[in-house]
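The structure appears below as structure tokens.
The values are calculated or read from the model by the stated rules, or taken from the named source; none is laboratory data. These numbers come from a predicted model, not from an experiment. For neighbour counting, all protein chains shown are included, and Cβ atoms are generated from backbone atoms with ideal geometry for every residue, glycine included.
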Amino acid sequence: MKMKLSVLHAAILAATLAAPASTVQAALPFFNSDKQEMPSLAPMLDKATPAVVHISVEGSREVRQRIPDAFREFFGQRGEGNQRQEQPFSGLGSGVIIDAEKGYIVTNNHVVQDADKIQIKLKDGRSFTANKLGADPQSDIALLQIEAKNLVQIPLADSDKLRVGDYAIAIGNPFGLEQTVTSGIVSSLGRSGLNMDGFEDFIQTDAAINRGNSGGALVNLRGELIGINTAILGPNGGNVGIGFSIPSNMMKNLVDQIIEFGQIRRGSLGVRGNDVNSELTEALNLNVSKGAFVNEVLPDTAAAKAGLKAGDVIVSMNGNRIQSFNELRAKIATLGANRKAELGILRDGKERSVTVTLQELASGQLAANQLHPMLQGAILNNGERGVEITELANGSVAEQIGLRQGDIITGVNRQRVSNLADLRQILEGRQGVAALYIRRGNDDLYILLR
């Protein structure tokens, strides 16, 4: 383990000078015993590392290959010259045990996406096959479960209490090197913009994160989980001191929804807006430099019912400062539908508090490629009689296989489908052909997913 000892020693020295000698060892997790006072993270890591697991996956993904024009007649016209093929893949990653009794393991969605087999290896050498209980591609969280005894779980910290400069330790399996530990600090908070379609509120850290660290733990000096490592920013895909983790509070909100509902029920506030910047501050004579500026309050939404107005600046949520509109968007979406949030707003130069009850985003609307690659380009929504295709992109894969806007999926392979949760449960993990039973106007038909 390579540590920044000069910085760490300075912190230890400062804490030692500020506290009585008798309380130093009790306050800091660096000391092994009364007789040996060599600074070390080992005592904390002895407790934390058994909760971090190695994940290996196998599966197959559908890929498209361009068919030369000269040979296209042999393959038919569908696909506009593209031939679909299944190709096997394998991958490695990390995960964190958050509930030892129930065998719950959190990792990144991109680690286990499309996997047919998920194998978990513990620090003690035991191996188990995991089941995927649910996932959220837009926030890159997945929940797995194994049946095992004598597991070790990691305690959760309140990630909203993090400050830039707090120490951070990353535990994972970079490049398949199991139980690798690196250290650093929290470099920034509320980072977003890596995936514009996703919900991001990242912790940035300079603790070394590399390929294979995805899904691993970011912990504080007490060994408490502050984040799930998920991404790096580097020109060659390697560590350059800029890594990102999903905050533990955000992860817990998503996992709780998967456990309770079997899917993510996103919260919706119902506003459009922008970041507060210097130009906006000057134009409107605001006395804040950061926050989420409300351009528009949509009618009949949670924001409208709570009394929010255009021109309000949202500066905090549940007592925690809001730095940007993207941060607000991510926190609202991942908090979940029907949850209450206390917003601190600035209106006419005065701060006030508003309590909102979040609605469900787009009534359970879902990008269908999250369920099956051949549904790419379709947007699904819970309907009265099944799952309705509410939007369909022109030229998309879903359109090419014969789906149409307004189609209602009422069954799959003779299994009844009443809502998105039913459809997700049937399609996830299914191998081979799936026959969608479609109601189109007054007609019934089958469309095959291969």
Under 7 Å by Cβ, and 6 or more places apart or on different chains, what pairs join a residue from the stretch 390-407 that is on the phi > 0 side of the Ramachandran plot and crowded, with 19+ Cβ neighbours inside 10 Å with one that is assigned to a helix (DSSP H, G or I) and hydroxyl-bearing (Ser, Thr, Tyr)?
-> none
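Does GLN323 qualify as being modelled with pLDDT under 90, buried (at least 17 other Cβ atoms within 10 Å of the Cβ) and within 17 Å of the chain's Cα centre (by Cα)?
The answer is no for GLN323.
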Looking at the stretch 157-170, which of its residues are touching a residue at least 40 places away in the same chain (Cβ under 8 Å) and over 18 Å from the mean Cα position of the chain (by Cα)?
-> LEU162, ASP166, TYR167, ALA168, ILE169
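Inside the stretch 87-107, can you point out the residues that are part of a strand (DSSP E or B), small (Gly, Ala, Ser) and either in the same structural domain as ILE171 (by TED's automatic domain parsing) or within 22 Å of ALA170 (Cα to Cα) (or both)? Step through it out loud before you land on a result.
Here is the first cut: in the stretch 87-107, the ones part of a strand (DSSP E or B) are 87-99, 104-107.
Narrowing the set further to residues that are small (Gly, Ala, Ser) leaves 90-91, 93-95.
GLY91, GLY93, SER94, GLY95 - these are the residues of the stretch 87-107 that are part of a strand (DSSP E or B), small (Gly, Ala, Ser) and either in the same structural domain as ILE171 (by TED's automatic domain parsing) or within 22 Å of ALA170 (Cα to Cα) (or both).
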Examine the stretch 266-278 for a residue that is under 20 Å from ASN220 (Cβ atoms) and of a type outside the set (D, E, K, R), and state whether such a residue exists.
-> no
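Go through the stretch 263-345 and tell me which strands (runs of 3 or more DSSP E), entirely inside it, have 2 or more residues that are polar (S, T, N, Q), in contact with a Lys or Arg (Cβ under 6 Å, 6 or more places away or on another chain) and over 27 Å from LEU162 (Cβ atoms). Break it down into steps so the answer makes sense when it comes.
Details: elements: 271-275, 292-297, 313-317.
Strands (runs of 3 or more DSSP E) meeting the threshold: none at all.
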List the number of the failed condition for VAL240; all other conditions in (1) in contact (Cβ under 8 Å) with a residue 24 or more places away in the chain; (2) farther than 20 Å from LYS331 by Cα hold.
-> (1)
Note on the stretch 303-348: residues closer than 26 Å to ALA135 by Cβ and among the aliphatic types (A, V, I, L, M) are MET317, LEU328, ALA330, ILE332, ALA333, LEU335, ALA337, ALA341
